[in-house]
Structure formats: structure tokens, C-alpha cells
Amino acid sequence: QVQLVESGGGLVQAGGSLRLSCAASGTISSINAMGWYRQAPGKQRELVATITAGGSTDYADSVKGRFTISRDNAKNTVYLQMNSLKPEDTAVYYCNAAVRRMYTITVGNYWGQGTQVTVSS
């Protein structure tokens, strides 16, 4: 099995910063793309940022210039540094990873349990 465990969420004032972490564990052979998504109350889950195994990144327009995604392949961990936070960034943030498990050739899509980020005005 594969588990993704997020940490680092919390309550912060507008303009503040938070850093999210997501560690993957289990019977992992390799991890392709990793990413962060978020879901605000009453809204659909949306892409925040993704990063490939080689380090190429992509961001939602709403977070460009404020958020930075990075990863540590040796630790199977992805990070999201969030600066200049706004109240509209309030959401549950989910980690996602495309993982090839040991002894398989298929790649599975895995999700973390989510971590709450609340930005007060």
C-alpha cells in the first residue's frame, strides 16, 4: 500500500505564510508527478501546483508568484511554500502523487487525507 500524509496546515492572517509537507510511504518503486490541490467549501477541488520527478513545475494562475512547490525525491516528499496568503486561499489542501509500486508496472494515483488552511482577513 501507499500512504500520503500531509502536515503544516493551520490558521494564519492575510499576508502571512505557511509551508505544507506531504510524505509518501509504503511499497514505492518510483514517484512520477506530485501535486497539491485544494477544495473550498461549496466548490470543486482545483489544481494548485504540480511538479514532475525532474523538477518541472506548473501553477494555477491564482497562486503564481505567491506559492512555490518543491520536492525531495530521496524522502518521497513534496512541499508547498505559501506566501502572501489571502482569505480566498482558505481551503482543505490535498496532496496527490502518481506512484509506481514495487513489483508492478502500472502507476496509481494516490491522495492524502487533506490539511486545513484558513486565512483570516
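The values are calculated or read from the model by the stated rules, or taken from the named source; none is laboratory data. Computed from a prediction, not measured in an experiment: that's the story for all the values here. Every residue, glycine among them, receives a Cβ derived from its backbone with ideal geometry; neighbour counts consider all protein chains shown. Just so you know, the surface numbers come from the protein's heavy atoms only, side chains and all, with ligands and any DNA or RNA stripped out. Shrake-Rupley method; radii C 1.70, N 1.55, O 1.52, S 1.80 Å.
Residue-wise HN-Hα couplings along region 28-36, as the Karplus relation 6.51 cos²θ - 1.76 cosθ + 1.60 with θ = phi - 60° gives them from phi, are 9, 8, 7, 10, 7, 5, 10, x, 10 Hz; Gly and Pro carry x.
Note the full-extension length gain between Gln1 and Lys64 as 0.36 nm times their separation in residues minus their Cα-Cα distance, in nm to one decimal.
On the way: separation 63, 0.36 × 63 = 22.68 nm, distance 3.36 nm.
Extra length available between Gln1 and Lys64 comes to 19.3 nm.
Cross-link partners for Lys64 among the aspartates and glutamates, with Cα-Cα distance under 19 Å and sequence neighbours closer than 8 places in the same chain left out: Glu46, Glu88, Asp89. Remark: region 16-121 carries a charge dipole of roughly 160 debye about the Cα centre, counting +1 on each Lys and Arg Cβ and -1 on each Asp and Glu Cβ. For Lys75, the aspartates and glutamates whose Cα comes closer than 15 Å to its Cα, not counting residues fewer than 8 places off in the same chain, are Glu6. Listed values for region 8-14 are Karplus-derived 3J(HN,Hα) couplings in whole Hz (6.51 cos²θ - 1.76 cosθ + 1.60, θ = phi - 60°), namely x, x, x, 9, 9, 7, 4, and x replaces Gly and Pro. Each of Gln113, Met102, Val92 was scored by the projection of its Cα onto the charge dipole of region 24-121, and the greatest displacement toward the positive side belongs to Met102; charges sit on the C-beta of Lys, Arg, Asp and Glu. Per the Debye calculation on the chain with a single equal scatterer at every Cα and no solvent contribution, log₁₀ I(q)/I(0) for q = 0.11, 0.20 Å⁻¹ amounts to -0.34, -1.05. Antiparallel beta bridges, as assigned by DSSP with both residues in the chain, represent about 90 percent of the total such bridges.
Carbon and sulfur atoms: what percent of the 1.4 Å accessible area of the chain do they account for? C and S fraction of accessible area: 49 percent. Per residue, region 24-119 exposes an accessible area of 52 Å² to a 1.4 Å probe, with every protein chain left in place. One Cα centroid belongs to region 6-25, the other to region 53-121; the line between them spans 10 Å. Taking Cα centre as origin and charging only the Cβ of basic (Lys, Arg, +1) and acidic (Asp, Glu, -1) residues, the dipole magnitude of region 1-68 rounds to 140 debye. Spin-label model, Ile28 to Thr118: label points 7 Å out along the Cα-to-beta-carbon direction sit 3.0 nm apart.
Considering only Val78, Ala60, Gln3, and ranking their Cα positions along the charge dipole of the chain that arises from unit charges at the beta-carbon of Lys, Arg, Asp and Glu, the one farthest toward the positive end is Gln3.
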